[in-house]
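Below is one structure, written out as structure tokens, with a few remarks after it.
The values are calculated or read from the model by the stated rules, or taken from the named source; none is laboratory data. The structure presented is a predicted model; accordingly, all values stated were derived computationally and were not measured. Reconstructed Cβ throughout: ideal geometry from the backbone, glycine too, with neighbour counts over all protein chains shown.
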Amino acid sequence: MWSSLWDQIINLTIFAILLRSTTPILLAALGGLISDVTGVVNIGLEGLMLISAFTSIAVGSVTGYWALGVVSGIIISVLLSYAMGFIHLKMKVDIIITGFVINIFGSGVTIFLMSKFFNVTGSYNPGNLEKIPTVTIPFIEGVPVLGKLLNGHNLIVWVALLSVVLCFIMLYRTPYGIHLRAIGESPQAANSLGIPVRRLQYSALAWSGVFVGMAGAFMSMGMTSMFVKDMTAGTGFLALAVVLLGNRNPIGILIGSLIFGFAKSIETILQTVPNSPIHSQFVQVIPYVVTILALVLYAIRKQRRQGGSLKAASTK
């Protein structure tokens with residue numbers, strides 16, 4: 001077993017698996033971040049990913065164009081995010097309840113549509129699907145280590161990494177981002193300054209839908225070439241944990257996503273090792289154990305920070 005693991009480390013296979021496992025978590029976490037900074041916690045990431053994953057592969061297989069599949073997955077995710085915003089911001093329904101409704105709806109509606117349109121129940125595996133392409137950089141293709149590290153990754157992997165830079169610039173280098181963060185700090189104060197609070201919260205949910213839609217499309221048309229019932233398997237909830245672990249900062253979210261992606265990579269590698277002495281059910285628990293540990297560390301760090309603030313205030 002250990003020799004097989006070492007071989008995958010030496011030939012850099014583990015790096016490719018790491019990026020592939022990190023991408024959906026990273027994109028979903030960035031989507032959660034954009035809405036979270038405005039005070040709207042998008043609990044519905046899991047359901048949005050499921051619906052966008054199914055929509056992407058369905059449209060992609062019917063039309064024969066991967067780009068149409070990805071765009072359709074993003075559009076449905078944005079529309080559902082707007083619907084969440086309407087229910088929460090206009091109808092005053094609690095955002096937690098709204099998010100869980102989306103999660104339940106996503107699980108149920110994808111199974112129903114898969115059965116209705118494709119006459120299958122457990123999984124949909126189209127034979128004519130055009131997958132999201134991989135990117136090859138010609139001038140580094142022959143370089144021994146660099147070529148293996150940077151070549152052959154899915155297009156969405158690069159989009160996800162660039163999205164970290166985009167989100168950082170948008171949140172910290174533009175008036176739009178300053179307004180979003182101001183709304184999250186105090187909606188009343190932001191409104192008194194003339195900032196359109198509701199409109200910007202809707203726009204933040206739309207951005208959330210864009211990133212989550214890409215995450216779902218990648219899962220069905222990038223990581224795999226099929227849609228499986230409840231294939232997200234808690235990825236949306238992992239992404240919510242990453243938002244907290246990353247201290248609501250794009251760079252922190254990238255680091256947190258890599259940690260969770262590494263846990264999922266270990267799970268994937270151990271499951272492919274022949275005659276592994278480690279039970280498969282135990283291996284599948286690894287990402288969720290990491291989630292619990294990460295949240296415990298976040299809680300400890302938060303308590304220490306609050307304790308330090310109280311101590312500093314008492315000495316004044």
Can you tell me which residue within region 116-137, out of those that are at pLDDT 85 or above, in a loop (DSSP other than H, G, I, E, B) and touching a Gly at 6+ places or on another chain (Cβ under 9 Å), is surrounded by the most Cβ atoms within 10 Å (Cβ to Cβ)? Ile132
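For (1) under 24 Å from Val289 (Cβ atoms); (2) part of a helix (DSSP H, G or I); (3) touching a Gly at 6+ places or on another chain (Cβ under 9 Å), each residue gets a yes or a no:
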site: Val157; (1), (2), (3): no, yes, yes
site: Tyr176; (1), (2), (3): no, yes, no
site: Trp207; (1), (2), (3): no, yes, yes
site: Val212; (1), (2), (3): no, yes, yes
site: Leu238; (1), (2), (3): yes, yes, no
site: Ala241; (1), (2), (3): yes, yes, yes
site: Arg248; (1), (2), (3): yes, no, yes
Filter result (within 11 Å of the chain's Cα centre (by Cα) and of a type in the set (S, T, N, Q)) within region 218-272: Thr232, Thr235, Ser257
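Table: residues versus (1) at pLDDT below 95; (2) of a type in the set (S, T, N, Q).
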{"site": "Gly184", "(1), (2)": "yes, no"}
{"site": "Gln188", "(1), (2)": "yes, yes"}
{"site": "Leu193", "(1), (2)": "yes, no"}
{"site": "Pro196", "(1), (2)": "yes, no"}
{"site": "Phe211", "(1), (2)": "no, no"}
{"site": "Met214", "(1), (2)": "no, no"}
{"site": "Ser220", "(1), (2)": "yes, yes"}
{"site": "Thr224", "(1), (2)": "yes, yes"}
{"site": "Lys229", "(1), (2)": "yes, no"}
Of the residues in region 84-115, how many are farther than 9 Å from Gly47 by Cα, part of a helix (DSSP H, G or I) and not basic (Lys, Arg)? 18
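Each row is one residue, and each column tells you yes or no for (1) farther than 16 Å from Ala204 by Cα; (2) modelled with pLDDT of 95 or more; (3) in contact with a Lys or Arg (Cβ under 8 Å, 6 or more places away or on another chain).
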| residue | (1), (2), (3) |
| --- | --- |
| Leu48 | no, yes, no |
| Gly64 | yes, no, no |
| Ser77 | no, yes, no |
| Ile95 | no, no, no |
Residue count, region 214-236 (criterion: over 19 Å from Val290 (Cβ atoms) and surrounded by fewer than 21 Cβ atoms within 10 Å (Cβ to Cβ)): 8
Complete set of residues in region 35-69 that are part of a helix (DSSP H, G or I), over 14 Å from the mean Cα position of the chain (by Cα) and among the small types (Gly, Ala, Ser): Ser56, Ala58, Gly60, Ser61, Ala67, Gly69
Subset of region 189-241, residues of a type in the set (S, T, N, Q) and touching a residue at least 60 places away in the same chain (Cβ under 8 Å), comes to Gln201, Ser208, Ser220, Ser225, Thr232, Thr235
Considering (1) farther than 17 Å from Leu45 by Cα; (2) surrounded by fewer than 15 Cβ atoms within 10 Å (Cβ to Cβ); (3) modelled with pLDDT of 85 or more, say which one Asn249 fails and leave the rest. (2)
If you take the residues in region 178-188 that are assigned to a helix (DSSP H, G or I) and without any contact (Cβ under 8 Å) to a residue 12 or more places away in the chain, which one is surrounded by the fewest Cβ atoms within 10 Å (Cβ to Cβ)? Gln188
For region 70-80, the count of residues that are over 17 Å from the mean Cα position of the chain (by Cα) and either under 16 Å from Met231 (Cβ atoms) or surrounded by 20 or more Cβ atoms within 10 Å (Cβ to Cβ) (or both) equals 1
Kindly indicate whether any position in region 12-19 is more than 23 Å from His179 (Cβ to Cβ), modelled with pLDDT of 90 or more and of a type outside the set (Gly, Ala, Ser). no
Mind telling me which of the residues Thr110, Thr98 ends up being within 18 Å of Gly234 (Cα to Cα) and in contact with a Phe, Trp or Tyr (Cβ under 6 Å, 6 or more places away or on another chain)? Thr110
